[in-house]
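A.B. asks: Below: one structure in structure tokens.
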Amino acid sequence: MTDHIIVEQPSAYPGVQSIRFNRPEKKNAITRAMYRTMADALNAANTSPNIRATAFLGTEGCFSAGNDLNDFLAAAMGGRGLEQEILDFLYALVNSEKPVVSGVDGLAVGIGTTIHLHCDLTIASSRSQFRTPFVDLALVPEAGSSLLAPRLMGHQRAFALLAAGEAFSAEEAKEAGLVWKVVEPGEVDALTLGLAAKLAAKPPEALRIARDLIRGDRGEIIARIDEEARYFSARLKSAEARAAFEAFMRR
Ligand code: COA
């Protein structure tokens, strides 16, 4: 458990579990403990009759700056690959049997962007920005994004996002299909939780089948996550990745 992730079932939104990034002083950068807490919450939702939808939220002006680069540096220095906590979180996300929505206000970097490829509905404030500097960090795309993004937005936009590291505004992310609706900053949390509550009120079995049909083969996504992770792990140990992490720490 870590208080950098707040897991709640807000009474105003019946049937909803919210998972909120709560490490604003570090731009909600995600540590191994945070991945573990989120994986546990997603897995618990599958078996809890009281939870019918999960909503990911951030803090004011920041969804998440992605993986904690200190953890990446530690893995690089220790000669370790991608940590198991990250993979367990991704597996839990893909294997979620109930709808997952997300609400973004502001910064969404790295997995703070690719997480939405796994969400069923994403709301973003007009000031949001989506960016994945994987290649600039000498890394490769993760979270199944190399499979899901080109499918969703076509090769050019996926390449711009995942390989060229171009930032997408909220409107561009919406146009690319990564975001469902763009709203005002102060509206994100209530609208996201409201959406989740609406889904939570639907006949659960029909919704589960509909969602499975729409999402398609989970095995294919897991296989791509594993393939990406093999490259990612090797890249983490590379001298150029270590240099990139150290450069960030020195800023
Ligand atoms: N890992 C660890 N710490 C991070 C972090 C990350 N991914 N992102 C931000 N932080 C920390 C900063 O080190 C800083 O800590 P400090 O106050 O102790 O120095 C604090 O969060 C605030 O960040 P700062 O860079 O000062 O804020 P900013 O508004 O100027 O810039 C970002 C915000 C997100 C653009 C910038 O922090 C950044 O580029 N972060 C790295 C993003 C990244 O590469 N993520 C990994 C993707 S795979």
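A.B. asks: Between the stretch 76-98 and the stretch 146-170, what is the separation of their alpha carbon centroids in Å?
C.D. replies: Their Cα centres are 22 Å away from one another.
A.B. asks: Which cross-chain or sequence-distant (5 or more) residues have an amide H under 5 Å from the amide H of residue 107, H modelled 1.01 Å from N in plane?
C.D. replies: The answer is 62, 63, 129.
A.B. asks: If I build a Gaussian network model for the chain, linking alpha-carbon pairs within less than 10 angstrom, which residue out of 26, 98, 181 has the largest mean-square fluctuation?
C.D. replies: 26
A.B. asks: Quote the convex hull volume per residue of the chain, based on C-alpha atoms, as a whole number of Å³.
C.D. replies: Details: hull volume 28.5 nm³, N = 251.
Per-residue hull volume (Cα only) is 114 Å³.
A.B. asks: Using only DSSP helix segments of four residues or longer, with each worth -39500 (n - 2.57), what per-residue ellipticity at 222 nm results for the chain after dividing by its residue count and rounding to 500? Mind showing how you got there, number by number?
C.D. replies: Numbers: 11 runs with 119 residues, N = 251.
Calculated mean residue ellipticity at 222 nm is -14500 deg cm²/dmol.
A.B. asks: How large is the dipole of the stretch 1-44 about the Cα centre if only Lys and Arg carry +1 and Asp and Glu carry -1, each at its Cβ, rounded to the nearest 20 debye?
C.D. replies: Working: 6 positive and 4 negative charges, 46 e Å.
Here the size comes out at about 220 debye.
A.B. asks: To continue, here is another question. About the Cα centre of the chain, what is the dipole size in debye to 20, counting +1 per Lys and Arg Cβ and -1 per Asp and Glu Cβ, all else neutral? Mind dumping the intermediate values first?
C.D. replies: On the way: 28 positive and 31 negative charges, 22 e Å.
Computed charge dipole of the chain: roughly 100 debye.
Read-outs throughout are calculated quantities, based only on the coordinates presented, and are distinct from any laboratory measurement. Keep in mind that this is a model prediction, so the values were computed, not measured. Virtual Cβ from ideal backbone geometry, glycine too; neighbours counted across all protein chains shown.
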